[in-house]
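Engineer: Have a look at the structure that comes next, please.
The values are calculated or read from the model by the stated rules, or taken from the named source; none is laboratory data. Values in this document were obtained by computation on a predicted structure and should not be read as measured data. Cβ placement follows ideal geometry from the backbone for every residue including glycine, while neighbour counts extend to all protein chains displayed. Ligands, DNA and RNA are stripped out before the accessible areas are found, and what is left, the full protein with its side chains, is counted by its heavy atoms. Shrake-Rupley method; radii C 1.70, N 1.55, O 1.52, S 1.80 Å.
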Amino acid sequence: EARINQRQNRQQQRIANGVNSGQLNARETYRLERREGHIARYEARSRADGGGLSGRERYRIERMQDRTSRAIYRQKHDAQVR
(Lines give C-alpha, C1' and ligand atoms only; values in the text may rest on other atoms or scores of the structure.)
Protein backbone atom coordinates (compact mmCIF):
# COMPACT_ATOMS: atom_id res chain seq x y z
CA GLU A 1 0.00 0.00 0.00
CA ALA A 2 1.49 3.28 -1.10
CA ARG A 3 -0.13 5.21 1.75
CA ILE A 4 1.37 2.97 4.42
CA ASN A 5 4.82 3.11 2.83
CA GLN A 6 4.71 6.88 2.34
CA ARG A 7 3.71 7.34 5.94
CA GLN A 8 6.48 5.05 7.15
CA ASN A 9 9.00 7.06 5.12
CA ARG A 10 7.63 10.33 6.50
CA GLN A 11 7.87 9.07 10.08
CA GLN A 12 11.45 7.91 9.48
CA GLN A 13 12.22 11.41 8.20
CA ARG A 14 10.66 12.96 11.31
CA ILE A 15 12.85 10.77 13.52
CA ALA A 16 15.95 11.70 11.50
CA ASN A 17 15.07 15.39 11.75
CA GLY A 18 14.67 15.04 15.52
CA VAL A 19 18.12 13.46 15.80
CA ASN A 20 19.72 16.16 13.63
CA SER A 21 18.08 19.00 15.55
CA GLY A 22 18.92 17.50 18.94
CA GLN A 23 15.26 17.02 19.87
CA LEU A 24 15.74 13.26 20.21
CA ASN A 25 18.45 11.61 22.28
CA ALA A 26 19.91 8.18 21.57
CA ARG A 27 17.50 6.25 23.83
CA GLU A 28 14.43 7.98 22.40
CA THR A 29 15.67 7.35 18.86
CA TYR A 30 16.31 3.67 19.61
CA ARG A 31 12.81 3.19 21.01
CA LEU A 32 11.12 4.96 18.11
CA GLU A 33 13.16 3.03 15.55
CA ARG A 34 12.27 -0.22 17.31
CA ARG A 35 8.57 0.66 17.05
CA GLU A 36 8.98 1.42 13.35
CA GLY A 37 10.71 -1.95 12.88
CA HIS A 38 7.88 -3.71 14.65
CA ILE A 39 5.36 -2.16 12.26
CA ALA A 40 7.48 -3.08 9.22
CA ARG A 41 7.82 -6.70 10.40
CA TYR A 42 4.07 -6.97 11.02
CA GLU A 43 3.40 -5.59 7.53
CA ALA A 44 5.88 -8.04 5.97
CA ARG A 45 4.34 -11.00 7.84
CA SER A 46 0.85 -9.89 6.79
CA ARG A 47 1.90 -9.73 3.14
CA ALA A 48 3.77 -13.06 3.28
CA ASP A 49 0.70 -15.07 2.33
CA GLY A 50 0.84 -13.47 -1.12
CA GLY A 51 -2.59 -11.90 -0.91
CA GLY A 52 -1.60 -8.38 0.09
CA LEU A 53 -3.20 -6.80 3.13
CA SER A 54 -6.73 -7.38 4.32
CA GLY A 55 -8.79 -4.44 5.54
CA ARG A 56 -8.25 -5.52 9.13
CA GLU A 57 -4.47 -5.74 8.67
CA ARG A 58 -4.37 -2.33 6.99
CA TYR A 59 -6.44 -0.86 9.83
CA ARG A 60 -4.12 -2.38 12.44
CA ILE A 61 -1.00 -1.07 10.69
CA GLU A 62 -2.51 2.42 10.45
CA ARG A 63 -3.40 2.36 14.15
CA MET A 64 0.17 1.30 14.99
CA GLN A 65 1.45 4.17 12.83
CA ASP A 66 -0.93 6.60 14.59
CA ARG A 67 0.44 5.62 17.99
CA THR A 68 4.04 5.83 16.79
CA SER A 69 3.38 9.24 15.25
CA ARG A 70 2.11 10.53 18.59
CA ALA A 71 5.15 9.02 20.33
CA ILE A 72 7.47 10.80 17.88
CA TYR A 73 5.74 14.10 18.61
CA ARG A 74 5.85 13.60 22.38
CA GLN A 75 9.52 12.64 22.39
CA LYS A 76 10.52 15.53 20.12
CA HIS A 77 8.67 18.05 22.29
CA ASP A 78 9.55 16.86 25.77
CA ALA A 79 11.96 18.75 28.00
CA GLN A 80 14.86 16.34 27.50
CA VAL A 81 17.95 17.43 25.64
CA ARG A 82 20.87 15.40 24.38
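Engineer: If one takes the longest principal axis of the Cα atoms in the chain, at what angle in degrees, from 0 to 90 and to the nearest 10, does the Cα axis of helix 26-47 lie?
Structural biologist: Approximately 10 degrees, to the nearest ten.
Engineer: What percentage of the solvent-accessible surface of the chain, computed with a 1.4 Å probe over protein heavy atoms, is contributed by carbon and sulfur atoms?
Structural biologist: On the way: 2600 of 5520 Å².
Answer for the chain is 47 percent, counting heavy atoms of protein chains only.
Engineer: Averaged per residue, what accessible surface does the chain expose to a 1.4 Å probe, in Å²?
Structural biologist: On the way: 5520 Å² over 82 residues.
Normalised by residue count, the accessible surface of the chain is 67 Å².
Engineer: Which of ARG70, ARG14, ARG35 moves the most in a Gaussian network model of the chain with Cα springs under 10 Å?
Structural biologist: In this elastic network of the chain, the residue with the biggest mean-square fluctuation among ARG70, ARG14, ARG35 is ARG70.
Engineer: To test your reading of the geometry: what angle, between 0 and 90 degrees and rounded to tens, separates the Cα axis of helix 2-21 from the longest principal axis of the chain?
Structural biologist: Once rounded, one gets 10 degrees.
Engineer: Evaluate the charge dipole of the range 32-82 about its Cα centre and quote only its size in Debye, nearest 20, assuming +1 on the Cβ of each Lys and Arg and -1 on the Cβ of each Asp and Glu. Mind dumping the intermediate values first?
Structural biologist: Working: 14 positive and 8 negative charges, 32 e Å.
For this selection, approximately 160 debye.
Engineer: Report, in cubic angstrom per residue, the convex hull volume of the C-alpha atoms of the chain. Each step should come with its number before you reach the end.
Structural biologist: Working: hull volume 5.9 nm³, N = 82.
Hull volume over Cα atoms, normalised by residue count, gives 72 Å³.
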